[in-house]
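Participant: I'd like to ask you about the structure that follows.
The values are calculated or read from the model by the stated rules, or taken from the named source; none is laboratory data. Quantities reported herein were computed from a predicted structural model and do not represent experimental measurements. Cβ coordinates were reconstructed from backbone atoms using ideal geometry, including for glycine residues, and neighbour counts include every protein chain displayed. Keep in mind that these areas ignore ligands, DNA and RNA; they rest on the heavy atoms of the full protein, side chains included. Shrake-Rupley method; radii C 1.70, N 1.55, O 1.52, S 1.80 Å.
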4 protein chains.
Amino acid sequence: MNRNFTSDNVTPACAAVMAAVNAANAGGVPSYGGDELTARLEARVAEVFETTVSVYPVATGTAANALALAQLSPPYGGVYCYEAAHIATDECGAPGFFAGGAVLLGLPAADGKITAAQLATAIEHAHSMGVHHVKPAALSLTQATEWGTVYSCAELAALTAVAEQHGLPVHMDGARFANALVRLGCSPAEATWKRGVDVLSLGATKNGALCAEAVVFFDPALAENFERRRKRAGHLWSKLRFLSCQLLAYLEDDLWLSNARQANTAATRLAEGLADVAGARVLQPVDANEVFVAPPEKLAADLEEAGFHFYRWPLCPVEEGVAVRLVTSYATTAEDVEDFLREARKLA
Amino acid sequence: MNRNFTSDNVTPACAAVMAAVNAANAGGVPSYGGDELTARLEARVAEVFETTVSVYPVATGTAANALALAQLSPPYGGVYCYEAAHIATDECGAPGFFAGGAVLLGLPAADGKITAAQLATAIEHAHSMGVHHVKPAALSLTQATEWGTVYSCAELAALTAVAEQHGLPVHMDGARFANALVRLGCSPAEATWKRGVDVLSLGATKNGALCAEAVVFFDPALAENFERRRKRAGHLWSKLRFLSCQLLAYLEDDLWLSNARQANTAATRLAEGLADVAGARVLQPVDANEVFVAPPEKLAADLEEAGFHFYRWPLCPVEEGVAVRLVTSYATTAEDVEDFLREARKLA
Amino acid sequence: MNRNFTSDNVTPACAAVMAAVNAANAGGVPSYGGDELTARLEARVAEVFETTVSVYPVATGTAANALALAQLSPPYGGVYCYEAAHIATDECGAPGFFAGGAVLLGLPAADGKITAAQLATAIEHAHSMGVHHVKPAALSLTQATEWGTVYSCAELAALTAVAEQHGLPVHMDGARFANALVRLGCSPAEATWKRGVDVLSLGATKNGALCAEAVVFFDPALAENFERRRKRAGHLWSKLRFLSCQLLAYLEDDLWLSNARQANTAATRLAEGLADVAGARVLQPVDANEVFVAPPEKLAADLEEAGFHFYRWPLCPVEEGVAVRLVTSYATTAEDVEDFLREARKLA
Amino acid sequence: MNRNFTSDNVTPACAAVMAAVNAANAGGVPSYGGDELTARLEARVAEVFETTVSVYPVATGTAANALALAQLSPPYGGVYCYEAAHIATDECGAPGFFAGGAVLLGLPAADGKITAAQLATAIEHAHSMGVHHVKPAALSLTQATEWGTVYSCAELAALTAVAEQHGLPVHMDGARFANALVRLGCSPAEATWKRGVDVLSLGATKNGALCAEAVVFFDPALAENFERRRKRAGHLWSKLRFLSCQLLAYLEDDLWLSNARQANTAATRLAEGLADVAGARVLQPVDANEVFVAPPEKLAADLEEAGFHFYRWPLCPVEEGVAVRLVTSYATTAEDVEDFLREARKLA
């Protein structure tokens, strides 16, 4: 029984991805992306997203996000995002490093979702400040968000409309994009470029890969010289096929979606079950695979004592109890969830 | 028969490394290097190098080199190196990017090996220029060099003595360190920190791994905050065990040395055999796994026509013929070499 | 009559400073700070601040602040400041640029003054995040603040004590330091290094100079290599005496203090007079030379119509009227103030 | 008598420039370049260069050069220049800092003038290296060169034709542009944009100003967002009129040309006179205001003993004697030159 709910990155790679890595281990293969698997990946992503794309596999989400933002923002630019977005709080300043000192312009949001009105106001303020303010350069949205919520297609469209009106390209941090997509129930295209998204960090590591994310440009013109950014950041593998094959397997037979569905279902069930646990108030809508809940301090401690792992979330203000985050994954079984709920009910 | 001599990065991962990757695929493992394999790696490298070390696995040589140099040089610093070092010519400006604009100060060298006297003169000139010149900050040596030669221990000691005298820490780009070590026939310690090397980029990708290099600090105090540099560059994997396990396997049972020996032997045999090929002059001492040779243009073209792959090396000035580079690897067999020589003799 | 209250940077240089510039125009003078005036400046600042100092004149406040912060924070660091500090909102990202991607960590404050408790909480949070968060690197305080308020010596001591406890050096943005000092009524030493300040951006441009600020390190060891940072930023003048002479004149005969006193007195009188103007609520304590006031929209427009210049301050939330900022300077006369008040009363 | 020949930056500001600074000292003037003098400057430069321009005054040559290059080169780019160009050797890495890690690609040249053929070869090599090499991004030429020579209009045209063919914009470091222009005897337009130059660092500090250089874009479209680069580098003065007025005076009544003519004439006379000094071989054509000469070591030392100041130039290889640099300026009189020659003849 798996009692680790700290993150979806504590998972193993799933069987299909491991098989692909083993299968990719041939010799005499052209290096630096000149291989066949990498070529097939771009074609496959184009098929999945129903449009021409430029695709750049990298090993980490931080690399994907920071490289993408550096491509969108000049060094004297600002990137609008939720003030506690992963790019702002968990990447040790990577966006500013990759983008030569560009800054993140954080906007507050109780549920992790910023609004079109906020964005419009912020851009207008920037323009009124002229040369003293960084240039409004891009919008970055996390989907699913840091609070396990999901932007609806309408919310996305409203935000990207403001961005487009001011000439700002739009980045989506999709470390958990598959989880959001399953929730939205629409096509990948409808969830991204048809809603105004220009570049997607498509995550796989949290949802079944060893180490694979893809920077996907829906407008190849936006990707000009991106390959040099990747190279000089040390993110171009000589044996790139070992990244590409993971992403190919990930997209094969809808593996990404079935994995994400498993994770989301577990989270939904977890949240539902917590309704029966005295004092364990769920703090946010559970749209994807994260549950934020505020059990009494004693219950949290007792669960930890019982061998469950999860993070306390001190920055989340709660009136009573202690905020904790429970993350499910493709590897979370119904039994894992029942095990947690059973113990929680018992200890409550 | 393998007819690809373009680079040692066109190789597959070797069996022991692949087995280790598969074995590392457990779940519930702490992320970001909190796992047991990563802990074992540091202990293992300490054992191999007979000293306390701080070890940071990354996926590419460019990342290892650029992160190491950024740690050694302030943004207003200069790093002395061979003017056509890999860091200067093949990494798309990565050192300057990672080190915030620091510059590489290239010194000429016919065989890829700079000298202590050159270094001393250059540092003195810098001091005479004062604040107008970047601050002499570090020395970077490639071992084995870009020309397939190897610094002797005495040459290393002379260079690092000058560096130490001026307070410059020393980095070694060891993308092919195992090849050099086998050539030197000394211990890893004698080839590095006992000769004044402070930080080593220890390569494995070219010698049997999928994607693994390690930044090895022989003085852990020099590594202060290095983990943040790695994180913000997107080079900290959440599932770091998949990198660590490769390096563990690489160092197990002297795999790295037997692999390198295979590659070196093939190169030596290749160079020897070329002596019998009319007009194919070997241009540099073959100390490791690279052979630079200047066959007549027609012979080079005929070999390519026959299915052999190798790079032309136009920057290498030759009076007659065309300079080409032949790289052998752990996967190059005696038969591969004989095949090449047989064809070369036939076509010459 | 001067009706321009937009900023203290619309002023001329005062007579003593202009005289010094003209007097400095000799030939055959050593360049790049090797001149006598620059040497005298360092000695004079040491005298004024009663301690050993390292002093670096530059032409703008943005240069002084960004260079100082780059000296204090590594590129993977974070600098705590008020969320709407000048360095965060008015310098087009200069701190991130100079510090290689370091980020500003903004804390909210209704009156522009952050508190020791806020700082302690923020640093603790950073430590709990480990390598994913930028390293807490420095504290930057604006004195006088962006809202025309002034930190008391006790407030400064409390803040710098928290910083010191966590090993963070402290920067003070003193674009209006003289205005704050006059308000505090203590010695320069008591307002800075005796209260835990390590580096001061000492402004002169807003208070009587053409273009002169000084970066003052109270611990010369902290200034190591700072001269190279200044040089590579293009802020080392070849004829540096033309900057040094301005600062010498500024500190001569307490010119800086008498100029600041004039500005502060004008602001205080302006605020007092506004009490008699119907509906013109003063929004912040007037500790220095800035008055934030919220007249009815019509009154603001009528004053502009009458030839007065000032900035609207839309980010300042007011329940009624419109927030505007009135800035006085050393060149603001009692008549200028009376003129404004007379018109305001008339138009109200 | 002025015996200081170290540099043209040890000069005072000339009378007309000082008068302009004094005259600019009005109050109530709009800040940050909103003033009338700055507007007039742009119009005046357009008139002088007979084309539409965007003009940005800054205080130092390093700022002008590094800002211009950052505008032309992406952070993953390379700028071709003479390997010992001022930007490469005397600005403490400023171009790499401002351009986010971009690198200078130095080409050798015995007289400081690189050739079109060299440039073409270097660009072709870069293209053959693909993503591993920085992207060829710009060409930077120093005019007059670091060796006191001057590119002819034909040489410029050949170089910029290669650059244009490969899409590289061209920067001219004109710290001594007026000296070159006087030598060429053509119009400012013919020496710049009509010969393919896109951006000029127009120097004034060495030729009569206190501290003033102008970045001149001959294609305003190339200057997009340049104002934000200047601001975030701390090079936008609040009282910008004090820079603009210097440049206006500099261009008034051909002051820049008459000053440069004075300097050049002195250098020419110096070189001619040295023909009569035993053993003092002039090393380079004297096209502008610098004389490189190799007197016997004893003569050099005796001249220093006699109170003359000049720099030894150790990087200049001479077979006999010691290389020294003598720089004349607008303030060098015929008497100063005769004084030097008389002593030299006497001591030789």
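Participant: Which one of these does B:Asp336 not meet: (1) touching a helix residue (DSSP H, G or I) at 6+ places or on another chain (Cβ under 8 Å); (2) in a helix (DSSP H, G or I); (3) surrounded by fewer than 16 Cβ atoms within 10 Å (Cβ to Cβ)?
Facilitator: Here B:Asp336 meets the rest and fails (3).
Participant: Among the residues of region D:155-174, which ones are touching a helix residue (DSSP H, G or I) at 6+ places or on another chain (Cβ under 9 Å) and open to solvent by 30 Å² or more (accessible area, probe 1.4 Å)?
Facilitator: The first filter runs over region D:155-174 and keeps only residues touching a helix residue (DSSP H, G or I) at 6+ places or on another chain (Cβ under 9 Å), leaving D:155-163, D:165-166, D:168-174.
Across region D:155-174, the qualifying residues are D:Glu155, D:Ala157, D:Ala158, D:Ala161, D:Gln165, D:His166.
Participant: Let me ask another. Does D:Leu139 satisfy the criteria of being within 17 Å of D:Ala84 (Cβ to Cβ) and touching a residue at least 40 places away in the same chain (Cβ under 8 Å)? Outline the logic, then answer.
Facilitator: Details: within 17 Å of D:Ala84 (Cβ to Cβ): yes; touching a residue at least 40 places away in the same chain (Cβ under 8 Å): yes.
Judged against the criteria, D:Leu139 is a match.
Participant: For C:Ala16, which of the numbered conditions (1) assigned to a helix (DSSP H, G or I); (2) open to solvent by less than 10 Å² (accessible area, probe 1.4 Å) fails to hold?
Facilitator: That leaves (2) as the condition not met.
Participant: Out of C:Leu156, C:Leu119, I need the residue that is more than 12 Å from every other protein chain (Cβ to nearest Cβ) and within 18 Å of the chain's Cα centre (by Cα). Which one?
Facilitator: Of the residues listed, the single one that is more than 12 Å from every other protein chain (Cβ to nearest Cβ) and within 18 Å of the chain's Cα centre (by Cα) is C:Leu156.
Participant: Same structure, new question: Tell me which residues, restricted to region A:19-38, are crowded, with 16+ Cβ neighbours inside 10 Å, in a helix (DSSP H, G or I) and more than 8 Å from chain B (Cβ to nearest Cβ).
Facilitator: Once the filter is applied, which keeps residues that are crowded, with 16+ Cβ neighbours inside 10 Å, in a helix (DSSP H, G or I) and more than 8 Å from chain B (Cβ to nearest Cβ), region A:19-38 yields A:Ala20, A:Leu37, A:Thr38.
Participant: Scanning for something under 23 Å from C:Ala180 (Cα atoms), part of a loop (DSSP other than H, G, I, E, B) and among the charged types (D, E, K, R), does region C:265-280 turn up at least one residue?
Facilitator: No, there is no match, as no residue in region C:265-280 is under 23 Å from C:Ala180 (Cα atoms), part of a loop (DSSP other than H, G, I, E, B) and among the charged types (D, E, K, R).
Participant: Looking at region C:261-290 only, could you name the residues that are small (Gly, Ala, Ser) and open to solvent by less than 50 Å² (accessible area, probe 1.4 Å)? Don't jump to the end; show me each part of the working.
Facilitator: Filtering region C:261-290 down to residues small (Gly, Ala, Ser) leaves C:263, C:266-267, C:271, C:273, C:275, C:278-280, C:288.
Those that are small (Gly, Ala, Ser) and open to solvent by less than 50 Å² (accessible area, probe 1.4 Å): C:Ala263, C:Ala266, C:Ala267, C:Ala271, C:Gly273, C:Ala280, C:Ala288.
Participant: To continue, here is another question. Go through region C:318-331 and give me each residue that's in contact with a helix residue (DSSP H, G or I) (Cβ under 9 Å, 6 or more places away or on another chain) and either open to solvent by 10 Å² or more (accessible area, probe 1.4 Å) or among the charged types (D, E, K, R) (or both).
Facilitator: Result: C:Gly321, C:Val322, C:Tyr330, C:Ala331.
Participant: How do the pairs read when you match residues in region C:181-194 that are farther than 24 Å from C:Ser54 by Cβ with residues anywhere that are of a type in the set (Val, Ile, Thr), using Cβ under 6 Å and keeping only pairs 6 or more apart or on different chains?
Facilitator: If the second residue must be of a type in the set (Val, Ile, Thr), the pairs left are C:Arg183/C:Val150.
Participant: Follow-up. Let me spell it out: the conditions are (1) in a loop (DSSP other than H, G, I, E, B); (2) open to solvent by 20 Å² or more (accessible area, probe 1.4 Å), and D:Thr11 meets all of them except one. Which number is the exception?
Facilitator: Here D:Thr11 meets the rest and fails (2).
Participant: When you look at B:Gly106, is it more than 22 Å from the chain's Cα centre (by Cα), buried (at least 20 other Cβ atoms within 10 Å of the Cβ) and of a type outside the set (A, V, I, L, M), yes or no?
Facilitator: Numbers: more than 22 Å from the chain's Cα centre (by Cα): no; buried (at least 20 other Cβ atoms within 10 Å of the Cβ): yes; of a type outside the set (A, V, I, L, M): yes.
Answer is no for this residue.
Participant: Going residue by residue through region B:312-328, is there one that turns out to be of a type outside the set (A, V, I, L, M, F, W, C), closer than 18 Å to B:Ala275 by Cβ and within 14 Å of chain A (Cβ to nearest Cβ)?
Facilitator: Checked against the condition, which is being of a type outside the set (A, V, I, L, M, F, W, C), closer than 18 Å to B:Ala275 by Cβ and within 14 Å of chain A (Cβ to nearest Cβ), region B:312-328 yields at least one hit.
Participant: With the requirement that a residue be touching a helix residue (DSSP H, G or I) at 6+ places or on another chain (Cβ under 9 Å), more than 11 Å from chain A (Cβ to nearest Cβ) and open to solvent by 10 Å² or more (accessible area, probe 1.4 Å), what does region D:74-92 give you?
Facilitator: Residues satisfying the conditions are D:Tyr82, D:Glu83, D:His86, D:Ala88, D:Thr89, D:Asp90.
Participant: In region D:299-322, how many are at pLDDT 95 or above and outside any strand (DSSP E or B)?
Facilitator: Of the residues in that region, 11 qualify.
Participant: Give me a count of the residues in region B:86-121 that are closer than 28 Å to C:Pro74 by Cα and not β-branched (Val, Ile, Thr).
Facilitator: Here is the first cut: in region B:86-121, the ones closer than 28 Å to C:Pro74 by Cα are B:86-106.
Narrowing further to those that are not β-branched (Val, Ile, Thr): B:86, B:88, B:90-102, B:104-106.
Of the residues in that region, 18 qualify.
Participant: Can you tell which of D:Leu104, D:Leu41 is hydrophobic (A, V, I, L, M, F, W, C) and away from chain C (no Cβ under 14 Å)? Walk me through it before giving the result.
Facilitator: Details: D:Leu104 fails: away from chain C (no Cβ under 14 Å).
One residue alone meets the criteria, D:Leu41.
Participant: Another question about this same structure. Determine which single condition D:Glu164 fails, assuming it passes every other condition in (1) in contact with a Gly (Cβ under 9 Å, 6 or more places away or on another chain); (2) closer than 30 Å to B:Ala85 by Cβ.
Facilitator: Among (1) in contact with a Gly (Cβ under 9 Å, 6 or more places away or on another chain); (2) closer than 30 Å to B:Ala85 by Cβ, D:Glu164 violates only (2).
Participant: Can you name the residue in region D:125-144 that is surrounded by 24 or more Cβ atoms within 10 Å (Cβ to Cβ) and more than 11 Å from every other protein chain (Cβ to nearest Cβ) and, of all such residues, is farthest from B:Asp90 (Cα to Cα)?
Facilitator: D:Ala144
Participant: Right, here's the next one. Could you please tell me which pairs satisfy a Cβ distance under 8 Å, a separation of 6+ or placement on different chains, a first residue in region D:147-158 that is more than 14 Å from D:Gly185 (Cα to Cα), and a second residue that is aromatic (Phe, Trp, Tyr) and surrounded by 15 or more Cβ atoms within 10 Å (Cβ to Cβ)?
Facilitator: These pairs meet every condition: D:Trp147/D:Phe292; D:Gly148/D:Phe292.
Participant: Let me ask another. Please indicate, with yes or no, whether at least one residue in region C:49-66 is in a loop (DSSP other than H, G, I, E, B), within 23 Å of the chain's Cα centre (by Cα), surrounded by 20 or more Cβ atoms within 10 Å (Cβ to Cβ) and more than 12 Å from chain D (Cβ to nearest Cβ).
Facilitator: yes
Participant: Next up: Are any residues in region B:210-228 in contact with a Phe, Trp or Tyr (Cβ under 6 Å, 6 or more places away or on another chain) and at the interface with another protein chain (Cβ under 9 Å from one of its Cβ atoms), and if so, which ones?
Facilitator: If the condition is that a residue be in contact with a Phe, Trp or Tyr (Cβ under 6 Å, 6 or more places away or on another chain) and at the interface with another protein chain (Cβ under 9 Å from one of its Cβ atoms), then B:Leu210, B:Cys211, B:Arg228 are the ones that fit.
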